[in-house]
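Taking it in order: structure first as structure tokens, then the write-up.
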Amino acid sequence: MKYAVCWEYFIVLIQWIYYKTIFVSYLIIFLIISIKNILFFLNTSLVKYYNREYNQQVTKDNNLYRVGTSETLRVQKRNKGYYNINNEIQFNQWLAGLIDGDGCFLVNQEGYTSCEITVALEDEKMLRIIQNKLGGNIKTRSGVKAIRIRFQNKKIMLDLIQRVNGFIYNSVRLPQLARVCGILDIPLIYPDYKSIPLPWFMGMFDADGTINYYPHFKDKIHYRNQLTISVFNKHYQNVVEFQKEYGGHIYFDKSNNGGFQWKINSKLEHLNFLDKFFIYPCKSVKANRIFLIKQYYELAALKAFKAELKSKIYSNWMKFQKNWNNKSI
């Protein structure tokens, strides 16, 4: 049996499918454009909100160096400029700590002011950081393994004093600063001993601090090592703040013509010191050893120092010792 095909209905069907496809395509395009417009509107509203909320104008900032003001500062949360200002303040606090330990303020017979910071020769890079920010002259000290930066130019001295004024805590250095402030006609800002900033501790540690481990023997047998972090100063009041901040003990040390030494010896105290170090690290070569504190305790738990000479553990201990004694930053 044969059937006749009605081509008229077939063509109508094809046309209906074609027009329906066109309609759906235009509908999809319309929806995409609508969604884009909605997202753009929401994004614009959010931008306006954050600009209004976090980009407010500040006409004065009295905390840049703790003296003077800076006109029309625009401070934004999550803004690079905000972090730059904060970093500069922390640098000033660290610099004050370094001066408290290894520096001095001077006034010569003619009434000219100056400041000197003397550190170990291996810490030259630390002085270069300071020189890049402030200027000054760097020279090695003859006859000793030490290097010194000196500030004499009045403009540089004004900048330096503005930076550290209010952050000098050393009982010897504060009267020196007071005399220099008097000559430069800058009001002396007394430090707040109830709120000593963390960077100051790191600067003071760069100057007067020590980190090392020492072998302990029993019946002439090396059975363990003792890690010690310490700060030495001639005056008790200049190390007692470390005890308040980090715990530990203070001892009178007869060596070096006598002085006071703050020490922390426990693992818990060392890890606490390390945590605060990560917030604002020191800048001397001592930083190398502080970074290795956790590795020291990992190897100490394995008694790596007395492992078999051909073992991997002892090989790791030898690498650790090499890194520990590395004096380059």
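Values quoted throughout were computed directly from the atomic coordinates according to the rules given, and no laboratory measurement underlies them. The model shown is predicted, which means the values in this text are computed figures rather than measured ones. Methodologically, a virtual Cβ is constructed for each residue, glycine included, from the backbone with ideal geometry; neighbour enumeration extends over all protein chains shown.
Beyond 30 Å in Cα-Cα separation lie the following of the pairs K220/K254; K220/K310; K218/K294; K254/K319: K254/K319. Report the local net charge at V285: Lys and Arg +1, Asp and Glu -1, summed over other residues whose C-beta lies under 13 Å from its C-beta. The answer is +2.
Just to verify a number: FRET efficiency for R128 and L274, C-beta to C-beta distance, R0 = 25 Å, to 0.05? Mind dumping the intermediate values first?
Working: r = 26 Å, r/R0 = 1.03.
For R128 and L274, the calculated efficiency is 0.45.
Other residues within the sphere of radius under 12 Å centred on the Cβ of P215, judged by their own Cβ, net out at +4 (K and R +1, D and E -1). Can you classify segment 267-329 as rounded, prolate or oblate using the Cα gyration tensor, where a ≥ b ≥ c are the square roots of its eigenvalues, rounded means a/c under 1.5, and otherwise it's prolate if a/b beats b/c and oblate if not? Oblate. Other residues within the sphere of radius under 14 Å centred on the Cβ of L302, judged by their own Cβ, net out at +4 (K and R +1, D and E -1).
Over segment 73-191, the ratio between the Cα radius of gyration and 2.2 N^0.38 Å evaluates to 1.12. Counting 0.36 nm for each residue step from Q321 to L302 and taking away their Cα separation leaves a gain of 5.3 nm.
Length gained on full extension, K220 to N153, computed as 0.36 nm times the residue gap minus the Cα-Cα distance: 18.3 nm. Extension gain for T140-N87 works out to 16.2 nm (0.36 nm per residue, less the C-alpha to C-alpha distance).
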